[in-house]
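Inspection log for the structure reproduced underneath, given as structure tokens.
Values quoted throughout were computed directly from the atomic coordinates according to the rules given, and no laboratory measurement underlies them. For clarity, every value in this text was computed on a predicted model and none was experimentally measured. All Cβ positions, glycine included, derive from the backbone under ideal geometry; neighbour counts span all protein chains shown.
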Amino acid sequence: MRALMVAPMVVLAAAFASPAAAQTPAPAQAVEKLYIMDCGHNAATDQSRWSPGINVGKPLELSDNCYLMKHGAQWLLWDTGYPDAVADKPVTGPIGTATRTRKLATQLAEIGVKPDDVTFVGVSHSHGDHVGNVDMFPKSTLLIQKAEVDWAFADGKPPPFKKDRPMKPLAGDTDVFGDGSAVILSTPGHTPGHQSLLVHLPKTGYVVLTGDLAHFKDNWDNDRVPSMNTSADQTHASHAKLVKVLADNKAQLWINHDKPTSAGQKHSPQYYD
């Protein structure tokens, strides 16, 4: 795993070329498969929590996906969704009702993957709809920004998962496998250590998994800042960073919570290659 000290265009081949090969850099490699897994649903009561002043009081349906990637003999799981227990007992809170139609454990078993097979678990941030099943993977190395760990485990806060586990606190953009196939991008603003993921697939090309940098496409298009975000300035800067990454890599934008986007995608056991 390689920490990157470069600009957002982290997957350019030049970023990985050795000095001797600088004139003829090799292209970034690719993960072999990417599975989209159903990791929950939120029937929210007021869209304006995410789009202040827009559609006040209007209900909103939000998807919640997890993404499993195969890289040789290794597996990377990006986000873990609502806890599997929500499938047995939906949870209603101040912002809406959380449900799961399928458990993550069931979906992994369906494609022959056991939790212990997962090498890395990367989380976009520490909110409960993204880290609900982290403790299902006690042997996997957790990839999370150090700023997020410090914020999530601050005194007086309930811990989002067990801290005593293999963990790699990151400090910025990081190439997970060292070959440009999966690059974590530091995109703070929603939370202090929020991160997104740039994935390269052999046929599909480049895909950006936004985490919660945007919750639905209209917010992305208008660069809106949800009311719960920790920094508006960081949110805008991270949005601009991903706009450049998308353009530089001709990448697709996959917004995790955007239900229309999710509904149009292939879900596990189908996969992208």
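At a glance:
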item: Taking the convex hull of Cα positions in the stretch 165-259, its mean projected area over all directions (nm²); result: 7.1
item: FRET efficiency for Asp218 and Thr101, using Cβ-Cβ distance with R0 set to 22 Å, rounded to 0.05; result: 0.30
item: With Cα atoms, 0 to 90° folded angle of helix 232-249 axis to the chain main axis; result: 50
item: Candidates Pro59, Pro158, Pro138: whichever shows maximal mean-square fluctuation once the chain is modelled as a Gaussian network with Cα springs under 10 Å; result: Pro158
item: Helix-only mean residue ellipticity at 222 nm for the chain, each DSSP H run of n ≥ 4 adding -39500 (n - 2.57), per residue, nearest 500; result: -4500 deg cm²/dmol
item: Computed magnitude of the charge dipole of the stretch 128-273 (debye, nearest 20; Cβ of K, R +1, Cβ of D, E -1); result: 280
item: For the chain, the longest site-free run once trypsin sites (Lys or Arg not before Pro) in DSSP loop states with at most 12 other Cβ atoms within 10 Å are removed; result: 1-138
item: Stokes-Einstein D (µm²/s) once Rh is taken as the Kirkwood radius of the chain over alpha-carbon pairs, at 20 °C in 1.002 mPa s; result: 114
item: 23 Å Cα-Cα reach of Lys157 towards lysines, excluding residues that sit fewer than 8 places from it in its own chain; result: Lys146, Lys168
item: Residue among Pro94, Pro160, Pro260 with the largest mean-square fluctuation in a Gaussian network model of the chain, springs linking Cα atoms under 10 Å; result: Pro94
item: Selected from His236, His190, Tyr271, residue furthest toward positive end of dipole (the chain; charges at beta carbon); result: Tyr271
item: Magnitude of the charge dipole, the chain, Cβ model with Lys/Arg +1 and Asp/Glu -1, debye to 20; result: 200
item: Candidates Met228, Met37, Met136, ranked by Gaussian network fluctuation over the chain, Cα under 10 Å, top entry; result: Met228
